[in-house]
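Read through the structure below, which is laid out as structure tokens, and then see the notes.
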Amino acid sequence: MTNPITQLPFVSDTPEDKVRPRNFWCTTPSDDVDNYGADCKTGSSYALAALRYMRDGDYPPLLGHAVISMIRNSGGSPNHNGIIIGFCAVIADAARAGSNETTLKLLEQHYLRD
């Protein structure tokens, strides 16, 4: 049975990797500067899919897994490509939209309690 998380367009299983059998950022940006806008749009669509999955699947750790895979897949060198920029822009907008003071106080109580 396929895990539904692998239905996300940027997640793939890597069974040959015994240490990390799942890649949470399996993307291929274009190398063409003229396609930067298209790459940003791809990243935006990935973020919307991620937000829906985190909401509907009640799996907020997806974002952390994706960021770790972004770093790991960059080989230690920053790779600022349109897919990542588009993804982060949508995640940031979603965070801003839900960041009223009441929500921030609830998050503060939940994550920063002693």
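The values are calculated or read from the model by the stated rules, or taken from the named source; none is laboratory data. Model, not experiment: these values are computed from the prediction. Because the Cβ atoms are built from the backbone with ideal geometry, glycine has one as well, and the counts that use them run over all protein chains shown.
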Seminar exercise, completed: Scanning the stretch 3-18 residue by residue, those in contact (Cβ under 8 Å) with a residue 40 or more places away in the chain, closer than 20 Å to I71 by Cβ and either assigned to a strand (DSSP E or B) or not β-branched (V, I, T) (or both) turn out to be L8, P9, F10
Exercise. Within the stretch 96-114, is even one residue within 23 Å of Q7 (Cβ to Cβ) and part of a helix (DSSP H, G or I)?
Worked result: no
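Would you say P61 is modelled with pLDDT of 90 or more and surrounded by fewer than 17 Cβ atoms within 10 Å (Cβ to Cβ)?
On the way: modelled with pLDDT of 90 or more: yes; surrounded by fewer than 17 Cβ atoms within 10 Å (Cβ to Cβ): yes.
Answer is yes for this residue.
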Problem set entry | Residue list for the stretch 77-95, filter: modelled with pLDDT of 90 or more, surrounded by fewer than 16 Cβ atoms within 10 Å (Cβ to Cβ) and small (G, A, S) | A89, A92, A95
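Table: residues versus (1) touching a residue at least 24 places away in the same chain (Cβ under 8 Å); (2) among the basic types (K, R).
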site: R20; (1), (2): yes, yes
site: D34; (1), (2): no, no
site: G86; (1), (2): yes, no
site: I91; (1), (2): yes, no
Seminar exercise, completed: Those residues of the stretch 13-41 which are surrounded by 14 or more Cβ atoms within 10 Å (Cβ to Cβ) and either in contact with a Cys (Cβ under 8 Å, 6 or more places away or on another chain) or of a type in the set (V, I, T) (or both) amount to T27
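If I go through the stretch 1-48 residue by residue, how many of them are of a type in the set (D, E), under 22 Å from A92 (Cα atoms) and modelled with pLDDT under 90?
Quick first cut of the stretch 1-48, residues of a type in the set (D, E) only: 13, 16-17, 31-32, 34, 39.
So of that shortlist, the ones also under 22 Å from A92 (Cα atoms) come out as 39.
Next, only the ones that are modelled with pLDDT under 90 stay: none.
Residues that pass the stated criteria total 0.
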Seminar exercise, completed: Restricting attention to the stretch 33-62, the residues that are outside any helix (DSSP H, G or I) and of a type in the set (D, E, K, R) number exactly 1
Exercise. Does T27 count as within 15 Å of V11 (Cα to Cα), in a helix (DSSP H, G or I), in contact with a Ser or Thr (Cβ under 9 Å, 6 or more places away or on another chain) and of a type in the set (S, T, N, Q)?
Worked result: no
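Any residue at all in the stretch 67-76 that's closer than 18 Å to A95 by Cβ and modelled with pLDDT of 90 or more?
Taking the stretch 67-76 as the starting set, the residues that turn out to be closer than 18 Å to A95 by Cβ are 67, 70.
Filter once more, keeping what is modelled with pLDDT of 90 or more: 67, 70.
Scanning the stretch 67-76 turns up at least one residue that is closer than 18 Å to A95 by Cβ and modelled with pLDDT of 90 or more.
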Seminar exercise, completed: Log entry, pairs with first residue in the stretch 61-84 being over 17 Å from I5 (Cα atoms), second being modelled with pLDDT under 95 and charged (D, E, K, R), beta carbons closer than 7 Å, six or more apart or on different chains, reads N81/D39; G82/D39; I83/D39
Exercise. Hey, any hits in the stretch 96-110 for a residue that's under 18 Å from the mean Cα position of the chain (by Cα), surrounded by 13 or more Cβ atoms within 10 Å (Cβ to Cβ) and modelled with pLDDT under 95?
Worked result: no
